[in-house]
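In what follows, a structure is listed as structure tokens, so that the remarks can point back to it.
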Amino acid sequence: MATQIQTDHFTQALYGLLDETFDKVQGYFLDKGASMFETLATISAEEASAPVGGKCATPLAAQVKHRVSSQSSGGRNPKGFENL
């Protein structure tokens, strides 16, 4: 028979991983300063407005908005992206 874990333990672990991915590195799997929002903070508006890659005409800002919107919960944008 498979062992089950408690829902709150799973939820806390998942939130920790998501926090590290997007907001602040906790040391689970990213290097310090490498979360999505920390990385994006280093990009200027000019850089964010430029098309990304050779075949893609969509600017980085539009791709980030799409990614954040598609992964936000309950139709709300995460902290720092409230005005998208």
Legend entry - Using θ = phi - 60° and Karplus 6.51 cos²θ - 1.76 cosθ + 1.60, couplings along segment 6-20 (whole Hz; Gly, Pro as x): 6, 4, 5, 5, 5, 4, 4, 5, 5, 4, x, 5, 5, 4, 5
Legend entry - Formal net charge of residues neighbouring residue 60 (Cβ-Cβ distance under 12 Å; K, R +1; D, E -1): 0
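Divide the volume of the convex hull of the Cα atoms of segment 7-71 by its number of residues and quote the answer in cubic angstrom per residue. Could you put the intermediate results ahead of the total?
Numbers: hull volume 6.9 nm³, N = 65.
About 106 Å³ per residue, rounded to a whole number.
Every read-out reported here was derived from the displayed coordinates using simple, explicitly stated rules and does not represent laboratory data. The model shown is predicted, which means the values in this text are computed figures rather than measured ones. Note that each Cβ is placed from the backbone with ideal geometry, even for glycine, and that neighbours are counted across all protein chains shown.
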